[in-house]
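Student: Quick one: this structure, given as structure tokens, is what I'll be asking you about.
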Amino acid sequence: MNTNFTSIMNEKHEIMKQSLGLDYSQFEQGEIGFDYEKMMASSPYSFEEVQMIQQQQKIGDTPLVELKNFTKIIREHAEPGYGARIFVKDEACNPSGSYKDRRASLAVHHAKVNGYKGVICATSGNYGAAVASQAAMQGLHAIILQEVFDSKLIGQPEILEKSRACMSYGAEVIQLTVGPELFYTLLAQLKETGYFNASLYSPLSVAGVETLGYEIASECKEKLGRFPDAVIATNAGGGNLTGTARGLLRAGANQTKVIAASVDLKGLHMASDQAFNRKSFTTGHTGFGIPFATNPDRVDVPRNSARPLRYMDRYVLVTQGEVFYVTEALAQIEGLERGPAGNISLTAAFSLAKEMPSNQILVVQETEYTGAGKHPTAQLTFAKENGIEIKRGHPSENVPGEKIVIPRFVNEISCKDIDLNQLRKSYLKNKLKDISIDELTGDDKKYFCEETKWSIDQLEEELHVLSSNRV
């Protein structure tokens, strides 16, 4: 087994090259940078072709719904003249029930036209269901790899629901315990089957989300006469935000603020067996959002197409209890029952809308389907069974992995900001860990400015501080 493991890991670059049909070496620029826009342009499909492919696969053109009841409540708790209009892009209307259908569409289509017999992906669930759904439409076999259990073979209800969804579309689901074997298993399956790697982080995946941002901008312009003032995207691996932001820019909405939102799970390590079942959210949380922002190339492909720091204007956190509260409120006040993970950005909108003038437009960029395992009741019951205290109170009392606090009143919902400059500094330190700062070229610095949204003067200042700290 050890020999097999070593052999597979030694072949990882060639396996990835064959399973994606993409040679990433053509994008490299020195030891640090790479040509991001050239990589994104490597997709063989124009934007218009992406739209056509998705329309053929029953994806997109989802409703943009105004949450009038939510807006009314928010204005009751805002200062006079404040309380932006809240709209939500109802992505639960896609075939498998989430925006992930957009991410899966191009990969599965590309596999089909290039003669692959099947597709493989590693996922927490929604993306797996999307890949399985698209593969079923295209007549391809799908293998979905999931980390489902801790070492005691106990699985979270949300992940088990996602496994059920993948199986319902005819996919073969390989369920794993949390740990390092996921990447090895992915490589081994790709080598054994010769299937296409429907990676979450390839140019095809992120390009598929651009239609979402484009639709938001176009529909707002058509129905409301202008682009939205802000769009909130739930942030985990970064592809959701990156693709949406690129779509907004493509539509001309370059003044629209792009806000990232995640559930605060500070202190819970995502690869920890002990912490695995002590979190109620398997995605959309800081355990993915922060590491993937500060070190994006920690994925299955050589270069990650999801680069959230290039696009986010603000990053806010909400608590688990607040998301469960808003999920119930959405069902009982707006008549829309949607899954909690898809309501993370909506929870942030409850707080952010109060800061914005009443004539402004705030768009929540996605929803997701709900099911038995995704319902708040199932997730809170599971949390209680794992020794987590569930109580009503102020969200500030929330302690990830120990206590989930459900707000008592709507005006207790708030979000807290992450310092984007601190994330950028962490990104810079990660990239320059083993590289001499004195050896950076003009191209290297240009690349860092693009990655961080810093000016060259800001970058030079941070490089000086980093260099001084090394002495």
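Student: If the Cβ limit is 7 Å and pairs must be 6+ apart or interchain, which residue in segment 29-51 that is over 23 Å from Asp101 (Cα atoms) pairs with which residue that is surrounded by 15 or more Cβ atoms within 10 Å (Cβ to Cβ) and of a type in the set (Lys, Arg)?
Tutor: That search, which allows pairs on different chains as well, returns Ile32/Lys431; Phe34/Arg303; Tyr36/Arg307.
Student: Can you work out which of the residues in segment 302-323 that are among the hydrophobic types (A, V, I, L, M, F, W, C) and part of a loop (DSSP other than H, G, I, E, B) is farthest from Glu397 (Cα to Cα)?
Tutor: To start, the set of residues in segment 302-323 that are among the hydrophobic types (A, V, I, L, M, F, W, C) comprises 306, 309, 312, 316-318, 323.
Still in the running and part of a loop (DSSP other than H, G, I, E, B): 306, 312.
Numbers: Ala306: 33, Met312: 28 Å.
Selected residue: Ala306.
Student: Taking into account only those residues within segment 268-278 that are open to solvent by 10 Å² or more (accessible area, probe 1.4 Å) and assigned to a loop (DSSP other than H, G, I, E, B), which is nearest to Ala217 (Cα to Cα)?
Tutor: So, considering only residues that are open to solvent by 10 Å² or more (accessible area, probe 1.4 Å) and assigned to a loop (DSSP other than H, G, I, E, B), the one nearest to Ala217 (Cα to Cα) is Met270.
Student: When Ser345 is evaluated against the numbered criteria (1) under 14 Å from the mean Cα position of the chain (by Cα); (2) of a type outside the set (A, V, I, L, M); (3) outside any helix (DSSP H, G or I), which criterion, by number, is the only one it fails?
Tutor: Going through (1) under 14 Å from the mean Cα position of the chain (by Cα); (2) of a type outside the set (A, V, I, L, M); (3) outside any helix (DSSP H, G or I) one by one, Ser345 breaks only (3).
Rundown of residues vs (1) closer than 18 Å to Thr283 by Cβ; (2) touching a strand residue (DSSP E or B) at 6+ places or on another chain (Cβ under 8 Å); (3) in contact (Cβ under 8 Å) with a residue 24 or more places away in the chain, yes/no style:
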{"residue": "Lys117", "(1), (2), (3)": "no, yes, yes"}
{"residue": "Ala130", "(1), (2), (3)": "yes, no, yes"}
{"residue": "Gln146", "(1), (2), (3)": "yes, yes, yes"}
{"residue": "Ile154", "(1), (2), (3)": "no, no, yes"}
{"residue": "Leu160", "(1), (2), (3)": "yes, yes, yes"}
{"residue": "Ile174", "(1), (2), (3)": "no, yes, yes"}
{"residue": "Leu187", "(1), (2), (3)": "no, no, yes"}
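Student: Please go through segment 405-424 and pick out each residue that is open to solvent by 80 Å² or more (accessible area, probe 1.4 Å) and either of a type in the set (Asp, Glu) or under 26 Å from the mean Cα position of the chain (by Cα) (or both).
Tutor: Looking only at segment 405-424, we keep the residues that are open to solvent by 80 Å² or more (accessible area, probe 1.4 Å), and these are 408-409, 411, 416-417, 419, 422.
If the condition is that a residue be open to solvent by 80 Å² or more (accessible area, probe 1.4 Å) and either of a type in the set (Asp, Glu) or under 26 Å from the mean Cα position of the chain (by Cα) (or both), then Lys416, Asp417, Asp419, Gln422 are the ones that fit.
Student: Still on this structure, please answer the following. Can you pull out every residue in segment 342-370 that is among the aromatic types (Phe, Trp, Tyr) and either touching a Lys or Arg at 6+ places or on another chain (Cβ under 9 Å) or more than 22 Å from Gly289 (Cβ to Cβ) (or both)? Reasoning before the result, please.
Tutor: From segment 342-370, those among the aromatic types (Phe, Trp, Tyr) are 350, 369; that's our starting set.
Once the filter is applied, which keeps residues that are among the aromatic types (Phe, Trp, Tyr) and either touching a Lys or Arg at 6+ places or on another chain (Cβ under 9 Å) or more than 22 Å from Gly289 (Cβ to Cβ) (or both), segment 342-370 yields only Tyr369.
Student: State the number of residues belonging to segment 373-394 that are open to solvent by less than 30 Å² (accessible area, probe 1.4 Å) and among the basic types (Lys, Arg).
Tutor: 1
Student: What single numbered condition from (1) touching a residue at least 40 places away in the same chain (Cβ under 8 Å); (2) outside any loop (DSSP other than H, G, I, E, B); (3) open to solvent by 10 Å² or more (accessible area, probe 1.4 Å) fails to hold for Pro291?
Tutor: (1)
Student: Among all residue pairs at least 6 apart or on different chains, which show Cβ distances below 7 Å where the first residue, located in segment 436-461, is open to solvent by 20 Å² or more (accessible area, probe 1.4 Å) and assigned to a helix (DSSP H, G or I) and the second is at pLDDT 90 or above and charged (D, E, K, R)?
Tutor: These pairs meet every condition: Glu450/Arg310; Ile456/Lys445.
Student: Is one or more of the residues making up segment 254-267 within 18 Å of the chain's Cα centre (by Cα), at pLDDT below 95, surrounded by fewer than 24 Cβ atoms within 10 Å (Cβ to Cβ) and closer than 30 Å to Ile74 by Cβ?
Tutor: yes
Student: If we keep just the residues of segment 123-145 that are modelled with pLDDT of 90 or more and surrounded by fewer than 24 Cβ atoms within 10 Å (Cβ to Cβ), which is nearest to the chain's Cα centre (by Cα)? Step through it out loud before you land on a result.
Tutor: Restricting attention to segment 123-145, the residues satisfying the condition of being modelled with pLDDT of 90 or more are 126-145.
Checking the rest, the ones that are also surrounded by fewer than 24 Cβ atoms within 10 Å (Cβ to Cβ) come to 136-141, 145.
Values: Ala136: 24, Met137: 24, Gln138: 25, Gly139: 27, Leu140: 25, His141: 25, Leu145: 18 Å.
Restricting to residues being modelled with pLDDT of 90 or more and surrounded by fewer than 24 Cβ atoms within 10 Å (Cβ to Cβ), the top hit is Leu145.
The values are calculated or read from the model by the stated rules, or taken from the named source; none is laboratory data. Bear in mind that the values here come from a model prediction, so they are computed numbers and not experimental data. Methodologically, a virtual Cβ is constructed for each residue, glycine included, from the backbone with ideal geometry; neighbour enumeration extends over all protein chains shown. Ligands, DNA and RNA are stripped out before the accessible areas are found, and what is left, the full protein with its side chains, is counted by its heavy atoms. Shrake-Rupley method; radii C 1.70, N 1.55, O 1.52, S 1.80 Å.
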